[in-house]
Amino acid sequence: MIQDIAERLDNSYRPDAESSAEDTLFVFRDMDVLACEYMSAPFPTAAEVKHDDKSLYLFSIGDRRFFLTLDREASAPEKFSYVNVRQLRRRHDAVRAELFAMFTAFHLYKWYSSNKFCGSCGAPTSPDSKERALRCGKCGAIMYPRIAPAVIVGVTNGDKLLVTRYAKGRGVGFDALVAGFTEIGETLEQTVEREVMEEVGLRVKNIRYYKSQPWGLSGTMLSGFYCDVDGDDTITLDETELSSAVWTERGDIVGQPDDLSLTNEMMKRFRDGKA
Ligand SMILES: [Zn+2]
């Protein structure tokens with residue numbers, strides 16, 4: 001999975017850290033990020049980006065530090081252009097740590113850029129001095145990064161796994177598993193039951209937790225579960241969510257072309273008889 005990199009991401013909060021020339025500086029604009037096609041160094045360094053705001057220190061991986069500018073007019077040399085963050089997933093081979101950093105930076109970018117003003121009183125916010133939070137200068141309200149819990153569900157039926165495809169315009173077009181966000185007042189297990197019922201019309205039992213994955217592109221914390229179909233295995237597809245859902249034999253499971261997602265690990269694990 002994408003977060004399985006040699007050195008863990010260090011989230012220590014250092015609001016006063018100043019960027020050095022060689023640090024990576026992320027520049028996002030809506031769903032795009034400044035990137036170049038040379039995957040050895042896909043994102044610009046602080047020395048390469050011209051911008052008018054103070055860079056925000058994000059996190060480190062090993063001895064590499066990552067910063068963010070929120071200046072929408074920031075510019076970088078011609079070899080960099082705006083690329084959709086999801087498209088970069090297709091260039092995954094060389095630098096998994098870079099990609100994980102970008103996914104996580106994107107999560108923080110969305111949070112910083114959508115909380116410039118206080119939701120309670122409307123006054124401007126600024127980064128807190130002690131912890132990763134934004135604080136309202138007027139009423140003191142404090143906003144933490146928002147992480148949305150969601151589940152990935154491997155529904156099994158003997159030697160078959162329920163493999164889905166998202167409806168057009170949703171997801172990346174790869175094989176996938178039933179998935180969805182947890183609602184207010186719901187346990188993760190209840191999310192599993194509800195999402196499977198909503199997307200494919202099946203009852204499930206023996207819900208068992210497998211693993212979790214931070215997925216910055218959608219601002220989520222994914223929890224993977226396996227479960228067994230309970231009773232009738234006739235699929236009733238929710239066509240607004242999915243284009244297909246098929247009971248797939250272990251040997252017929254293809255998986256995803258990259259090896260970044262918890263979904264893919266769960267499909268491979270079932271294919272290899274480990275689930
Ligand atoms: Zn306020």
Inset, instruction - Output the residues belonging to segment 189-203 that are open to solvent by less than 60 Å² (accessible area, probe 1.4 Å) and out of contact with any helix residue (DSSP H, G or I) (no Cβ under 8 Å at 6 or more places or on another chain). - result: THR191, VAL192, ARG194, GLU195, VAL196, GLU199, VAL200, GLY201
Inset, instruction - Please enumerate the residues belonging to segment 129-142 that are closer than 30 Å to LYS211 by Cβ and open to solvent by 30 Å² or more (accessible area, probe 1.4 Å). - result: GLU131, ARG132
Inset, instruction - Looking for whichever is modelled with pLDDT under 95 and either more than 30 Å from ALA35 (Cβ to Cβ) or surrounded by 12 or more Cβ atoms within 10 Å (Cβ to Cβ) (or both) here; the options are ASN84, ASN115, ASN157. Which one fits? - result: ASN84
Legend entry - Cross-chain or 6+ apart pairs with Cβ under 6 Å, segment 177-193 first and part of a loop (DSSP other than H, G, I, E, B), then surrounded by 14 or more Cβ atoms within 10 Å (Cβ to Cβ): LEU177/ILE152; LEU177/VAL153; LEU177/GLY154; LEU177/THR263; THR182/PRO149; THR182/THR191
Legend entry - Failed condition for GLN190, given (1) closer than 30 Å to GLN87 by Cα; (2) outside the structural domain of PHE66 (by TED's automatic domain parsing): (1)
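Of all residues being among the acidic types (Asp, Glu) and out of contact with any helix residue (DSSP H, G or I) (no Cβ under 8 Å at 6 or more places or on another chain) in segment 5-29, which is farthest from MET102 (Cα to Cα)? Just the residue, please.
For segment 5-29, the residue satisfying everything is ASP16.
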Inset, instruction - Quick one: ALA167 ticks every box in (1) among the small types (Gly, Ala, Ser); (2) under 20 Å from the mean Cα position of the chain (by Cα); (3) not assigned by TED's automatic domain parsing to the domain that holds GLY219 except a single one, so which number is it? - result: (3)
Inset, instruction - Give the number of residues within segment 109-126 that are polar (S, T, N, Q) and in a helix (DSSP H, G or I). - result: 1
Legend entry - Scan of segment 136-156 for residues that are more than 9 Å from the ligand (Cβ to nearest atom) and in a strand (DSSP E or B), ordered by number: ILE142, MET143, ALA148, PRO149, ALA150, VAL151, ILE152, VAL153, GLY154, VAL155, THR156
Legend entry - Sole exception among (1) open to solvent by 70 Å² or more (accessible area, probe 1.4 Å); (2) touching a Cys at 6+ places or on another chain (Cβ under 9 Å); (3) within 16 Å of the ligand (Cβ to nearest atom) for SER126, by number: (1)
Legend entry - Number of the exception - LYS116 against (1) in contact (Cβ under 8 Å) with a residue 60 or more places away in the chain; (2) within 16 Å of the ligand (Cβ to nearest atom): (1)
Inset, instruction - For SER75, work out the one condition from (1) open to solvent by 50 Å² or more (accessible area, probe 1.4 Å); (2) within 30 Å of LYS211 (Cα to Cα) it doesn't fulfil. - result: (2)
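Each row is one residue, and each column tells you yes or no for (1) within 24 Å of SER261 (Cβ to Cβ); (2) not basic (Lys, Arg).
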position	(1), (2)
GLU22	no, yes
VAL27	no, yes
CYS36	no, yes
ILE61	yes, yes
PRO77	no, yes
ARG86	yes, no
ARG96	yes, no
THR104	yes, yes
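The values are calculated or read from the model by the stated rules, or taken from the named source; none is laboratory data. No experiment lies behind these values; they were computed from the predicted model shown. When we count neighbours, we look across all protein chains shown, and the Cβ atoms used for this are built from the backbone with ideal geometry, even at glycine. Note: areas computed on protein heavy atoms with side chains; ligands, DNA, RNA excluded. Shrake-Rupley method; radii C 1.70, N 1.55, O 1.52, S 1.80 Å.
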